[in-house]
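Chemist: Pasting a structure below so you can have a look.
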Amino acid sequence: MFTQAQSPRLAQRRARVLKERAIEMVLFLAALVSVFTTVGIVYILVKESVVFFQQVSIVAFLTDTQWTPLFDDQHFGIMVLLSGTLTSSVVALAIAIPLGTIIAIYLSEFAPFKLREIAKPFLELLAGVPTIVYGFFALLFVTPILQWFYPELPGFNLLSAGIVMGVMIIPYVSSISEDAMRAVPMNLREGSYAMGATRFQTAVKVVVPAAFSGIASAYILGISRAVGETMILAVAAGMQPNLTFNPLEPAATITSYIVQVALGDLPHGSIGYQTIFAAGLTLMLFTFACNIAGHVLRKRFRETY
Amino acid sequence: MATVSVASSVESRPQPSAPLVPKVKASGLSFYYGAFRALKELDLVVHENCVTALIGPSGCGKSTFLRCFNRMHDLYPGNRYEGEIRLYPDDINLLAPGVDPIEVRMRLSMVFQKPNPFPKSIFENVAYGLRVRGERSGRTLEGKVEAALRDAALWSEVKDRLHQLAFNLSGGQQQRLCIARALATDPELMLFDEPTSSLDPIATASIEELIADLKKKVTILIVTHNMQQAARVSDFTAYMYLGQLIEFGRTDELFIKPKNKQTEDYITGRFG
Ligand SMILES: Nc1ncnc2c1ncn2[C@@H]1O[C@H](COP(=O)(O)OP(=O)(O)OP(=O)(O)O)[C@@H](O)[C@H]1O
Ligand SMILES: [Mg+2]
């Protein structure tokens, strides 16, 4: 009797356990796909870079001041490309970080509820515009305007690409910063208001410090986006390697060089082709360093309210 | 049972001897959260250098009432006051439309239910109100921060780590830090909203002692859930129920022979 009453229930439980297992398996496989992709990318980059560095010394790679892998007189100074990447990124971040932060402070602490609900999707739309469109916007709209102020500006330049890239990155910075600021509990704000602080004082002296780790992650994401951006630079900054930190000049960046070569007809296995992987590895190490820095910052300044 | 212990702690306390001077006076005060009327025509006088306790069952409007004094409700849309709260000796109506809530909050200060130190150092937490008021001189800041920390009975515990983050303090220390922060600006009236409800008995005792001590310097209005606490720290008690002020009087009188049946039921624990 006893077993008869129990057995259907036990069977049910076993079925449930099996179902749980199956779901767990599917989720695990999904996670595995992304891990494998990352491992695969790193594997290819490292393997091909090893081939490259058998022919070019790391010292030459880091110190040479020319980048001419496609010429007879070959030079492989990554600094040439890195300078373009850094210069355009600095321009972009000089726009995206201050504006993104100000927008976040405004939306989180000042804007009426309705405005915030309207503004946020618009900002996020800005992040959804294809980068090629931004590239042409920089080349055909922003550059002519800049030339109006400074006629000697070349048609391809890092400044215009950097500015437009900055605009593109604003929503990344503002959206994540705003979420972090909104998560600051109201009782912290009330504590500040009760001391006689204004809205602005409360926002700057209490809310921003309390949300600091989230805001720092927003900045790190912005940096990664700037360093990795390709199309805007390929279209608007010219693709000639140029060791310069002057945003008024045209220059190739690591990313725009990679598209250029990857789309060209270089034979596989040639040293020119191999440069793609060395450049890609450099870029990845750079972004990886950013992410580590972000992680450390988040750990150090974890929200403790 | 409860009445006995409450009454005994009331009887042993000496009467305030100085003549009573009103510090703030609410009259005909009603408050609306949108269409909901949370306070109904309250009248209350808070006397200078006295501790006045607000007691009553949960949801009766104690916090709502307290937050009218420093215009906290102005932070949220849709809230509305009626009636007035006069601050003496200036005799200004704190709720008047022409009165800037920031000006009001410059003169009153508030300690919240949950300690809410800012993400700053201990020193900067206490200096916050002074900086907000434009104080720049390092010497003045140091002096006032130290004085406030001493008044809040926290100085000896933190004097060697003034520049560490305030979050590293214990809950009771954080609450005393918030009291120091509220004291540093020399407020005329201090508002406490259940300041010990998130603390253990020892931390609670030290805060109660502090409050009883502070009334020499400042007028205090305190919300509490705990009737023993009201009996221990206050000179006057107001009993509220459903947004109305049911009874107000000297704490000893109100606890020993309440005039109102509802008050009696509440303090004897038959209801609440
Ligand atoms: N923001 C708000 N919007 C609408 N109604 C509110 C709001 N805050 C409080 N109330 C209502 O106002 C009434 C009084 O609330 P209040 O917080 O002042 O009570 P309280 O006496 O402090 O209670 P407790 O002892 O639980 O803290 C309650 O009915 C509550 O539901
Ligand atoms: Mg309350």
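The values are calculated or read from the model by the stated rules, or taken from the named source; none is laboratory data. Since we're looking at a predicted model, the values are computed, not measured. Neighbour counts run over all protein chains shown; Cβ positions are idealised from the backbone, glycine included. These area figures cover heavy atoms from the full protein model, side chains too; ligands, DNA and RNA do not enter into them. Shrake-Rupley method; radii C 1.70, N 1.55, O 1.52, S 1.80 Å.
Chemist: Which number in (1) surrounded by fewer than 24 Cβ atoms within 10 Å (Cβ to Cβ); (2) outside any helix (DSSP H, G or I) marks the one condition that A:Arg189 misses?
Modeler: All conditions are met except number (2).
Chemist: Next question. Run B:Leu108 past the list (1) open to solvent by 30 Å² or more (accessible area, probe 1.4 Å); (2) away from ligand 1 (no atom under 16 Å from the Cβ); (3) within 23 Å of B:Ile179 (Cα to Cα) and report the number of the one that doesn't hold.
Modeler: (1)
Chemist: Could I ask something else about it? For the stretch A:246-275, give me the residue count where each residue is in contact (Cβ under 8 Å) with a residue 60 or more places away in the chain, crowded, with 20+ Cβ neighbours inside 10 Å and of a type in the set (A, V, I, L, M).
Modeler: Looking only at that region, the number is 3.
Chemist: Can you name every one of the helices (runs of 4 or more DSSP H) wholly within the stretch A:29-141 that holds 3 or more residues which are polar (S, T, N, Q) and in the same structural domain as A:Val204 (by TED's automatic domain parsing)?
Modeler: Fully inside the stretch A:29-141 and qualifying: A:78-105.
Chemist: Right, something else. Have a look at A:Ala251, A:Ala234, A:Ala216 and point out the one that is within 14 Å of another protein chain (Cβ to nearest Cβ), among the small types (Gly, Ala, Ser) and in contact with a helix residue (DSSP H, G or I) (Cβ under 9 Å, 6 or more places away or on another chain).
Modeler: A:Ala216
Chemist: Looking at the stretch B:190-201, which of the residues that are within 12 Å of chain A (Cβ to nearest Cβ) and at pLDDT 90 or above is nearest to ligand 2 (Cβ to nearest atom)? I'd like the intermediate steps shown before the answer.
Modeler: The initial filter retains those residues of the stretch B:190-201 that are within 12 Å of chain A (Cβ to nearest Cβ), namely B:190-193, B:198.
Those still in the list that are at pLDDT 90 or above too: B:190-193.
On the way: B:Met190: 16, B:Leu191: 12, B:Phe192: 11, B:Asp193: 6 Å.
Among those residues, the one meeting the criterion is B:Asp193.
Chemist: Condition first: farther than 25 Å from A:Met79 by Cβ and of a type in the set (A, V, I, L, M, F, W, C). Now tell me which residues in the stretch A:248-305 satisfy that.
Modeler: A:Val296, A:Leu297, A:Phe301
Chemist: Further, regarding this structure: From the residues in the stretch B:238-265 that are within 16 Å of ligand 2 (Cβ to nearest atom) and in contact with a helix residue (DSSP H, G or I) (Cβ under 9 Å, 6 or more places away or on another chain), which one is most open to solvent (accessible area, probe 1.4 Å)?
Modeler: So, considering only residues that are within 16 Å of ligand 2 (Cβ to nearest atom) and in contact with a helix residue (DSSP H, G or I) (Cβ under 9 Å, 6 or more places away or on another chain), the one most open to solvent (accessible area, probe 1.4 Å) is B:Tyr241.
Chemist: Going by the conditions given, is A:Thr287 away from chain B (no Cβ under 14 Å), crowded, with 19+ Cβ neighbours inside 10 Å, out of contact with any Phe, Trp or Tyr (no Cβ under 8 Å at 6 or more places or on another chain) and in contact (Cβ under 8 Å) with a residue 60 or more places away in the chain?
Modeler: no
Chemist: Taking the condition away from chain A (no Cβ under 11 Å), within 22 Å of B:Thr64 (Cβ to Cβ) and either over 18 Å from the mean Cα position of the chain (by Cα) or away from ligand 1 (no atom under 16 Å from the Cβ) (or both), does B:Pro101 pass? Don't jump to the end; show me each part of the working.
Modeler: On the way: away from chain A (no Cβ under 11 Å): no; within 22 Å of B:Thr64 (Cβ to Cβ): yes; either over 18 Å from the mean Cα position of the chain (by Cα) or away from ligand 1 (no atom under 16 Å from the Cβ) (or both): yes.
For B:Pro101, the condition - away from chain A (no Cβ under 11 Å), within 22 Å of B:Thr64 (Cβ to Cβ) and either over 18 Å from the mean Cα position of the chain (by Cα) or away from ligand 1 (no atom under 16 Å from the Cβ) (or both) - is not met.
Chemist: Same structure again: Consider the stretch B:18-41. How many of its residues are more than 10 Å from ligand 1 (Cβ to nearest atom) and open to solvent by less than 30 Å² (accessible area, probe 1.4 Å)?
Modeler: 6
Chemist: Now for a separate question. Of the residues that sit in the stretch B:124-144 and are within 14 Å of chain A (Cβ to nearest Cβ) and not charged (D, E, K, R), which one is farthest from ligand 2 (Cβ to nearest atom)?
Modeler: Residues of the stretch B:124-144 within 14 Å of chain A (Cβ to nearest Cβ): B:124-135, B:144.
Cutting the leftovers down to not charged (D, E, K, R) gives us B:125-130, B:132, B:134.
On the way: B:Asn125: 23, B:Val126: 25, B:Ala127: 29, B:Tyr128: 24, B:Gly129: 23, B:Leu130: 28, B:Val132: 26, B:Gly134: 33 Å.
It comes out as B:Gly134.
Chemist: Here's another thing I want to ask about it. Of the residues A:Glu229, A:Glu178, only one is within 30 Å of A:His75 (Cβ to Cβ), more than 14 Å from every other protein chain (Cβ to nearest Cβ) and under 21 Å from the mean Cα position of the chain (by Cα); which?
Modeler: From the options A:Glu229, A:Glu178, the qualifying one is A:Glu229.
Chemist: I would also like to ask the following. State all residues of the stretch A:255-305 that are at pLDDT 80 or above, assigned to a helix (DSSP H, G or I) and over 22 Å from A:Val227 (Cα atoms); if no residue qualifies, say none.
Modeler: A:Ile271, A:Gly272, listed by residue number.
Chemist: Quick check on my filter: what residues within the stretch B:30-87 are touching a strand residue (DSSP E or B) at 6+ places or on another chain (Cβ under 8 Å), farther than 25 Å from B:Ile267 by Cα and within 16 Å of ligand 2 (Cβ to nearest atom)?
Modeler: B:Phe31, B:Tyr33, B:Cys68, B:Phe69, B:Asn70, B:Met72, B:His73, B:Asn79
Chemist: Tally time: how many residues in the stretch B:197-221 are surrounded by 22 or more Cβ atoms within 10 Å (Cβ to Cβ) and either closer than 17 Å to B:Tyr266 by Cβ or not aliphatic (A, V, I, L, M) (or both)?
Modeler: Number of matching residues: 1.
Chemist: Taking the stretch B:42-80 as the region of interest, how many residues are open to solvent by less than 50 Å² (accessible area, probe 1.4 Å), more than 21 Å from A:Thr202 (Cβ to Cβ) and not basic (Lys, Arg)?
Modeler: 17
Chemist: Let me ask another. Would you confirm whether or not the stretch B:86-101 contains a residue that is in contact with a Gly (Cβ under 8 Å, 6 or more places away or on another chain) and surrounded by fewer than 21 Cβ atoms within 10 Å (Cβ to Cβ)?
Modeler: no
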